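The structure appears right after this line, and notes come after that.
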Amino acid sequence: MSDICTVNQGLQIPISQRKKEDGKNRYFYITVQFLKGNNKDKYYIENPAENVICDTDDILVTRTGSTGKIITGVKGCFHNNFFKLNFFNNINKRYIYYVLNTKKMYEQMLNAASGGTVPDLPHKAFYKLEIYFPPLEEQKRIVKILDRFDT
């Protein structure tokens, strides 16, 4: 992974500093609990740093707790339990999304995570994960095929 991207880790914000209403300069706070549907309340973070904001085409990877889950299609400010992937040139995000969602990659991430009650995938371990990435044109061709299956 270190050959194709860098990662940003998210932001840990105490509940007391989370806002319950959307507003100017506020971003939806993306948490594992919200994505699981365990939390009915939506929270917003005011003026977060640029490096913890993601757009709908970005890829987030859960690094703690539900380690190895791949999230895209969400816009906001992401929690400390996530990595956001920042790709170098010649990488198709959608291709990487599909690869990261394979059983093989999920198992690699779980095996790389530290043990204990709550698994945690450290930066260094994530960067050591092995992923095959063909030339950009081939990535695009594969994505086109896989997108048809999604449709």
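Evaluation of Phe88 against the conditions (1) over 24 Å from Leu129 (Cα atoms); (2) touching a residue at least 60 places away in the same chain (Cβ under 8 Å); (3) out of contact with any helix residue (DSSP H, G or I) (no Cβ under 9 Å at 6 or more places or on another chain); (4) not small (Gly, Ala, Ser) shows that the sole unmet condition is (1).
Take Ala125 and decide whether it is without any contact (Cβ under 8 Å) to a residue 24 or more places away in the chain and either closer than 30 Å to Asn25 by Cβ or in contact with a Phe, Trp or Tyr (Cβ under 8 Å, 6 or more places away or on another chain) (or both). Let's see the steps before the verdict.
Details: without any contact (Cβ under 8 Å) to a residue 24 or more places away in the chain: yes; either closer than 30 Å to Asn25 by Cβ or in contact with a Phe, Trp or Tyr (Cβ under 8 Å, 6 or more places away or on another chain) (or both): no.
Considered against the rule, which asks whether it is without any contact (Cβ under 8 Å) to a residue 24 or more places away in the chain and either closer than 30 Å to Asn25 by Cβ or in contact with a Phe, Trp or Tyr (Cβ under 8 Å, 6 or more places away or on another chain) (or both), Ala125 comes out as no.
Given the criteria over 20 Å from Arg141 (Cβ atoms), touching an Asp or Glu at 6+ places or on another chain (Cβ under 9 Å) and of a type in the set (A, V, I, L, M), does Leu85 qualify? Taking the combined requirement at face value, the residue satisfies it.
Just wondering, is there one or more residues in segment 36-44 that are of a type outside the set (Asp, Glu), at negative phi and modelled with pLDDT of 90 or more? Yes, segment 36-44 contains a residue that is of a type outside the set (Asp, Glu), at negative phi and modelled with pLDDT of 90 or more.
Annotation: of all residues in segment 123-151 being in a loop (DSSP other than H, G, I, E, B) and either over 18 Å from the mean Cα position of the chain (by Cα) or among the basic types (Lys, Arg) (or both), the one that is farthest from Asn89 (Cα to Cα) is Thr151. Looking across Val99, Val52, one residue alone is touching a residue at least 40 places away in the same chain (Cβ under 8 Å) and β-branched (Val, Ile, Thr). It is Val52. Of all the listed residues (Asn86, Asn81, Asn101), the sole one being in contact with a Gly (Cβ under 9 Å, 6 or more places away or on another chain) and either among the polar types (S, T, N, Q) or modelled with pLDDT of 90 or more (or both) is Asn81.
Every residue in segment 104-122 that is in a loop (DSSP other than H, G, I, E, B), hydrophobic (A, V, I, L, M, F, W, C) and free of Cβ contacts under 8 Å to residues at least 60 places away in the same chain, please.
Of everything in segment 104-122, those that are in a loop (DSSP other than H, G, I, E, B), hydrophobic (A, V, I, L, M, F, W, C) and free of Cβ contacts under 8 Å to residues at least 60 places away in the same chain turn out to be Ala113, Val118.
The values are calculated or read from the model by the stated rules, or taken from the named source; none is laboratory data. Only a predicted model underlies this, so the values are computations on that prediction, with no experimental measurement involved. Heads up, the Cβs are rebuilt from the backbone with ideal geometry, glycines too, and the neighbour counts pull from every protein chain shown.
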